[in-house]
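First up is the structure itself, then whatever we jot down about it.
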Amino acid sequence: MTRLGTRLALLALVLPLVVPLAAKAQPPEFSARITWTAHGIPHVTADDYAGLGYGYGYAFAKDNLCALAEEIVTVNAQRSRWFGPDGEYRSWGNGLRTTNLKSDFFFQHLNDRDATAGYDQPPPLGMSADVKRVVAGYAAGYNRWLADHGTAGTPCDGAPWVRPITELDLKRRFYQLTLLASSFFFAGAIVDAKPPAAGASGLPAAAPPVPAAHEFDPAALPSSESLGIGSNAYGIGKAATANGKGMVLGNPHFPWQGPERFHQMHLTIPGELDVSGAALFGAPGVLIGHNEHVGWSHTVSTAYRFTPYELTLVPGEPTKYVHDGQVRELQPQTVTVQSRRPDGTLEQRSTTIWHSHYGPVVEYPAAFLQWSPAKAYAIRDANAMNYRVLDQFLAMNKAGSVRELKAAQETWQAIPWVNTMAADSSGEAYYADQSVVPNVPDELVAQCMTPVGAVTFAAARLPVLNGSTSACDWKTDPDAVQPGIFGPANLPDLLRDDYVHNSNDSYWLANPHEPLEGYDRIIGDERSARSLRTRMGLHIMEDRLAGRDGLPGDRWQLPQLGERLFSNRNMSGELAKDAAVTMCSTTPTMISSGGAQVDVAAACQALAGWDTTANLDATGAAVWREFWRRAAAVNGGPWVVPFNPQDPLNTPNTLNVAHPQVRTAFADAVLSLRQFGIDPAAKLGDIQGEYRGAERIPVHGGPHVEGVFNYIAASLGQGGWNDVYHGSSFIMTVSFTDAGPSARTLVTYSQSTDPASPFWADQLRMFSAKQWNEVPFRHSDVQAQAIRRDTVRE
């Protein structure tokens, strides 16, 4: 392995725990030093990877013991045992909602198949020795905290399902995260797949009719919206910064509940690794962050990680299919889990999961994938063979420039489902969708398309391929580290000295001055309309560089990145508010979709006074929110001027006030506000917030559909939106200077999930007040700002 490749394996699993430095002939197996700075950020220093993992596992458990313990229950298929089979399991990270029992069946089928055994392959296909040491240390550190402190006073006080964890537990958690946008998304569909009754032998059976393309809902497939995760990011180069060095904005939009939250840390092995950033719960290293010379962030990619294969069944035998002229049998896998009865005793529950040579069979009517007497559908998942993720991130953590970070991605080829934006101290910016993507070029799609696939491909770019011939198997590029995926040369990337950007649309306009084109459609679309949030992100950047955003100068300085994010501009409002006000002021009574006459005068007046932001003091924002979520979905769209690929930042535009559904959308919005007791003229801060115990903390920001860069999604209930479930999470702005990196960050919901912790709500209050945490990076600064020091060893 190259020197860079070896270094790459370090960063992804790096975790903090502090150990004493007393000189000993025989140092302890695990040793780390932890320095805590403001808002509970642990800075973990160790002499080796095992100690680093130990320190971070210990520090993480201090903040979030119970949250990870419950997810360990999940990946070990024990939810039914501890929480009952009928309770709901919700994955906040990919939108899956199913029962505990179905969740258990899915994960038990993976565990029975020893799905994580691939981590033990030699690198680059499996884990490096350094990463294995980090994982072992992390488990030991978590267990040390549990042994020292127990669960008393935590949210899982006395819970019998909290136990010491193992390296295998963590591997199962890593694998779950890797499959988040593919097999795990289809967990319920995999469990639900059952063969239909056998028909008359030898007689052809009819497959269900294929619906038309307009009947297909793209939300049925993984995307940033259906997964419940998204993001914005900028990598900014020397031509766009005041000091001629790089800057990065990372603004991942992830759940505010569950284990797909971020935890912030700083990890150091002197002379080997020094990286600051954040990771999802259970990941023992920095996923989004910066080191001395390079910073990076991620956004959910539009590329697919899987393809369905259509299996042609043998007439009368629905568990047999034809492939290359030969009959193959679907393989049944009996899965058994323990389940709690109402009286507390346990029983065994079993089901059968069916596998083809492509992968598991699914029953997923939402995407027209149904097991009939004639056809069945199997999911082939490229990430099912991806055991390289932790080494991938470790290599990125150690990169000394964006060029080295690019080389790290091309070496490991393990980014599971995200784009990358980065910049470095030399002032170079980098965009890439160098993620794991099935090698399904457009020519293969044209050759192997099925009738169902024609619908899904037209509606959502997902091909359903002909599974009756090996001619339709995925291709393999000569530069691909894993068979069946695109190699780096066939995936989009871009180096610039001004900027790169992504807000969950495809790679096409990473920089509108140099569009990326000519890639296969399974990766993303080109020359198509961008979301309002993407357009807002590009306008924010272009306005800064043109000096027309009201801020001094025409180049970026670090405070301005956070200020522009928190300006809470609303793209839909800027484009359409005036037309909507004209519409409602000239028609004070409108007809709702239910036929009721609705007096809209008060709401119209409130909307007229709205400043088109999602700031806490914005009045009239509630009217726009309820109107726009309906107007954006009208048949044919709400715009008069259509999308023009020659002007993608400014089209489509002009609200179609003559569209009858646009008018009824306004009446329906007024009725909705009345139903939930919301004053149309209320300030947003009075009707959007998040509770921490009895304390209600106002929250600024707004939904993706409105084109608010600072994305916040909250549940509508009586009195407003007071349950944030998704949006800005770990926010990082970093600038490289002659004195090293300067970073301002926020964990919007705060570091800890434990109400007893002083770090349960502190950063949420800061987010509400648009304040930032200036996190020290240099050792001397960390020590000067220490609020606590710990040494941990074993």
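The values are calculated or read from the model by the stated rules, or taken from the named source; none is laboratory data. Treat the numbers as computed from the prediction; the structure is a model and nothing was measured. Note that each Cβ is placed from the backbone with ideal geometry, even for glycine, and that neighbours are counted across all protein chains shown. For the accessible areas, the whole protein counts, side chains as well, though only heavy atoms, and no ligand, DNA or RNA atoms are used. Shrake-Rupley method; radii C 1.70, N 1.55, O 1.52, S 1.80 Å.
Specify the residue that is farthest from the chain's Cα centre (by Cα); the eligible residues are those in region 557-591 that are open to solvent by 10 Å² or more (accessible area, probe 1.4 Å) and more than 30 Å from CYS604 (Cβ to Cβ). So the residue we want is GLN557.
The residues listed here are PRO208, PRO259, PRO252, PRO284; of these, the one that is touching a Ser or Thr at 6+ places or on another chain (Cβ under 7 Å) and in a loop (DSSP other than H, G, I, E, B) is PRO208. Taking region 729-765 as the range and being free of Cβ contacts under 8 Å to residues at least 60 places away in the same chain and touching a Phe, Trp or Tyr at 6+ places or on another chain (Cβ under 9 Å) as the test, only LEU746 passes. When region 708-726 is limited to residues that are open to solvent by less than 10 Å² (accessible area, probe 1.4 Å) and touching an Asp or Glu at 6+ places or on another chain (Cβ under 8 Å), the one that is farthest from ARG674 (Cα to Cα) turns out to be VAL724.
Restricting GLU542, GLU526 to residues that are more than 27 Å from GLY609 (Cα to Cα), in a helix (DSSP H, G or I), in contact (Cβ under 8 Å) with a residue 12 or more places away in the chain and out of contact with any Lys or Arg (no Cβ under 7 Å at 6 or more places or on another chain) narrows the list to GLU542.
Scanning region 378-395 for residues that are open to solvent by 10 Å² or more (accessible area, probe 1.4 Å) and either more than 19 Å from ALA283 (Cβ to Cβ) or hydrophobic (A, V, I, L, M, F, W, C) (or both) yields ARG380, ASP381, ALA384, MET385, VAL389, LEU390, PHE393.
Checking each residue in region 40-75 for being over 23 Å from GLN783 (Cβ atoms), out of contact with any helix residue (DSSP H, G or I) (no Cβ under 9 Å at 6 or more places or on another chain) and open to solvent by 10 Å² or more (accessible area, probe 1.4 Å) picks out CYS66, ALA67. If you go through region 690-706 and keep only what is under 22 Å from the mean Cα position of the chain (by Cα) and in a strand (DSSP E or B), you end up with GLU690, GLY702.
Just need a number here: residues in region 763-794 that are among the hydroxyl-bearing types (Ser, Thr, Tyr) and touching a His at 6+ places or on another chain (Cβ under 6 Å).
Filtering region 763-794 for residues among the hydroxyl-bearing types (Ser, Thr, Tyr) gives 768, 780, 791.
Now narrow it down to the ones that are touching a His at 6+ places or on another chain (Cβ under 6 Å): none.
Here the count works out to 0.
Which ones in region 192-205 are part of a loop (DSSP other than H, G, I, E, B) and modelled with pLDDT of 85 or more? Talk me through it step by step, then tell me what you get.
Keep residues of region 192-205 that are part of a loop (DSSP other than H, G, I, E, B), which gives 193-205.
Within region 192-205, ALA193, LYS194, PRO195, PRO196, ALA197 meet the criteria.
Of ALA422, ALA408, all but one fail to be open to solvent by less than 10 Å² (accessible area, probe 1.4 Å), in a helix (DSSP H, G or I) and under 26 Å from LEU179 (Cβ atoms); the exception is ALA408.
When you check GLN264 against the structure, is it outside any loop (DSSP other than H, G, I, E, B) and either touching a helix residue (DSSP H, G or I) at 6+ places or on another chain (Cβ under 7 Å) or within 25 Å of ILE712 (Cβ to Cβ) (or both), yes or no? Considered against the rule, which asks whether it is outside any loop (DSSP other than H, G, I, E, B) and either touching a helix residue (DSSP H, G or I) at 6+ places or on another chain (Cβ under 7 Å) or within 25 Å of ILE712 (Cβ to Cβ) (or both), GLN264 comes out as yes.
Somewhere in region 760-771, is a residue open to solvent by less than 50 Å² (accessible area, probe 1.4 Å), closer than 30 Å to SER401 by Cα, at pLDDT 95 or above and not in a helix (DSSP H, G or I)? Write out each step before concluding.
Start the filter on region 760-771 by keeping residues that are open to solvent by less than 50 Å² (accessible area, probe 1.4 Å), which leaves 761-764, 766-768.
Next, only the ones that are closer than 30 Å to SER401 by Cα stay: none.
No, region 760-771 has no match at all.
This table checks each residue for (1) open to solvent by 10 Å² or more (accessible area, probe 1.4 Å); (2) closer than 30 Å to ALA367 by Cβ.
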site	(1), (2)
SER426	yes, no
MET449	yes, yes
SER468	yes, yes
PRO478	yes, no
SER503	no, yes
TRP508	no, yes
GLU517	yes, yes
SER531	yes, yes
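Could you pull out the residue among ARG133, ARG90 that is of a type outside the set (A, V, I, L, M) and more than 25 Å from SER226 (Cβ to Cβ)? Selected residue: ARG133, the only one of ARG133, ARG90 that is of a type outside the set (A, V, I, L, M) and more than 25 Å from SER226 (Cβ to Cβ).
All of (1) part of a strand (DSSP E or B); (2) open to solvent by 20 Å² or more (accessible area, probe 1.4 Å) hold for MET732 with one exception: (2). Within region 607-641, the set of residues being polar (S, T, N, Q), farther than 18 Å from SER585 by Cα and open to solvent by less than 50 Å² (accessible area, probe 1.4 Å) comprises THR613, ASN615. If we scan region 139-161, do we find a residue that is under 23 Å from ALA384 (Cα atoms) and not in a loop (DSSP other than H, G, I, E, B)? No, because not a single residue in region 139-161 is under 23 Å from ALA384 (Cα atoms) and not in a loop (DSSP other than H, G, I, E, B).
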